[in-house]
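Everything on this sheet refers to the single structure shown next.
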Amino acid sequence: MAGISLTSVTKSFGGNTVLHGVSLDIAAGEFVALVGPSGCGKTTLMRIVAGIEQASSGTLRIQGRDATSLRAGERDVAMVFQSYALYPHLTVAENIAVPLAMRRLNAWQRLPLLGGLMPGARATRRRIAGEVAAAAESLGLGALLDRRPAQLSGGQRQRVALARAMVRRPAAFLMDEPLSNLDASLRVQTRREIVAIHRRAGAATLYVTHDQSEALTMADRVAVMQGGRILQVAPPREIYADPADLRVATFIGSPRINLLPGEAGRDGLVRVGDRLIGLRCAARGPLTLGIRPEAFVLAAEGLPARAEAVEFLGESVLLHTRHEASGSPLVLRLPPEAAGRLPASGAALHLGFAPGAALLFDQDG
Ligand code: ATP
């Protein structure tokens, strides 16, 4: 069943259309990461699902229910932002308990006659404390329950925000760059915690990030957005190895995929310059070859290039080169052992690649 379902959603601010008919289905239990360049409409889409912003047209369903014009409070979604939005005067335990206490209050408000009596108040308080403790424990906050937000590190604050979202057991989690204020090692740890929370909750999760390594490591499917349109939604490996078009291919992958001008002759054979590269293609005419940095090797023969610079990254080494014929920059990702025996800057070399590793794009991308 669809947890979140967007159909042909558009959004304009004044005359400026920032979402052009976005459709996206996120199943209950599925984690979808939304990536795209700054300003492409990710946050706007998220705010529409949350009910902070109204779509100009199109429909939104949450757990099968039409939520297009439901108020934010009626949508059963929990949001986690980059800024933690904790109550500074409340303790960690109280902050986590807020949604549970609110829910309780709402129930009482609907029963005005019983409101003064607060039926089962003590049992409820005990149950809330139990849920808060369990959520805090699972996020390593057990020892911090009496502290206030000002006495916590950024990572701890973000975990409080996650715990607070978690206790609600919502139909959907919406997370907008929740890790961007954390340092690198905490980010890696917290991203595993978020995936674990998601799995336990079985909710539909929409996770906005500009960090593609987050998207690729965390998501069941990655949605790539550009200019207010979703270009492709696919599992991480497919987004990387079989991108829908040149825009997706160049957005996903770091360093960026190498691009080379080529041509498919009347015989269907692909040439780069006047060199056959062992590839056949159904299309004819000019095309662009895409080759990932890790698909290149230094070879005895292949594409003639010239070495320019070396960057040592620890787990790998990048060799920056330039293709002789076209002047295109080509970067290789090589194992770190290669670092000691790479060609010096200016040296001529040849780049080989397995034909199956090349992606071919026609003139329309
Ligand atoms: P970033 O990664 O930088 O956060 P984003 O992909 O989340 O970007 P949005 O914040 O959704 O992008 O913005 C999409 C476009 O909509 C931008 O051009 C932005 O200027 C515009 N926009 C967003 N909110 C408003 C608003 N309230 N009024 C007018 N324009 C807006």
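Throughout, read-outs are computed from the coordinates displayed, never taken from laboratory work. What you see is a predicted model; the values in this text were computed from it and never measured. Cβ coordinates were reconstructed from backbone atoms using ideal geometry, including for glycine residues, and neighbour counts include every protein chain displayed.
Angle of helix 184-201 to the longest C-alpha principal axis of the chain, folded into 0 to 90 degrees and rounded to 10: 60°. Quotient of the Cα radius of gyration of the range 168-223 and 2.2 N^0.38 Å, N being its number of residues: 1.07.
The fewest-to-most ranking of ILE277, ILE194 by surrounding Cβ atoms within 10 Å reads ILE277, ILE194. Selection among ALA72, THR7, LEU276 by position relative to the dipole of the chain gives ALA72 as farthest towards the positive end (Cβ unit charges, Cα centre). With q set to 0.12, 0.18 Å⁻¹, the log10 of I(q)/I(0) for the range 182-288, from the Debye formula over equal scatterers at the Cα positions, is -0.57, -0.94. The angle between the Cα long axis of helix 92-109 and the longest principal axis of the Cα atoms of the chain comes to about 60 degrees, rounded to the nearest 10.
Just to confirm the number: angle between the C-alpha axis of helix 154-167 and the first principal axis of the chain, 0 to 90 degrees, nearest 10? Its long axis makes an angle of about 60 degrees. Magnitude of the charge dipole for the chain, about its Cα centre and with charges confined to Cβ atoms of Lys, Arg (+1) and Asp, Glu (-1), is about 1560 debye. Within the listed set ARG122, ARG157, ARG200, the residue fluctuating most in the Gaussian network model of the chain (springs between alpha-carbon atoms under 10 angstrom) is ARG122.
For the chain, the share of DSSP beta bridges that are antiparallel, to the nearest 5, is 75%.
Less than 5 angstrom separates the built amide H of ILE230 from those of SER23, all sequence-distant by 5 or more or on a different chain.
Need one word for the range 256-361: rounded, prolate or oblate. Basis is the Cα gyration tensor (sqrt eigenvalues a ≥ b ≥ c); a/c below 1.5 gives rounded, then a/b vs b/c decides. It is prolate, given that a/c is not under 1.5 and a/b is the larger ratio.
Projecting the Cα atoms of PRO335, PRO355, LEU319 onto the dipole axis of the range 242-365, where Lys and Arg carry +1 and Asp and Glu carry -1 at the beta carbon, places PRO355 farthest toward the positive end.
Taken over the range 2-247, the alpha-carbon convex hull comes to 138 cubic angstrom per residue.
Please give the net charge around ILE62, taking every other residue with its beta carbon less than 11 angstrom from that of ILE62, where Lys and Arg add +1 and Asp and Glu add -1.
The answer is 0.
Stretching GLN189 away from ASP242 to a fully extended chain increases their span by 16.2 nm, per 0.36 nm per residue minus the current alpha-carbon distance.
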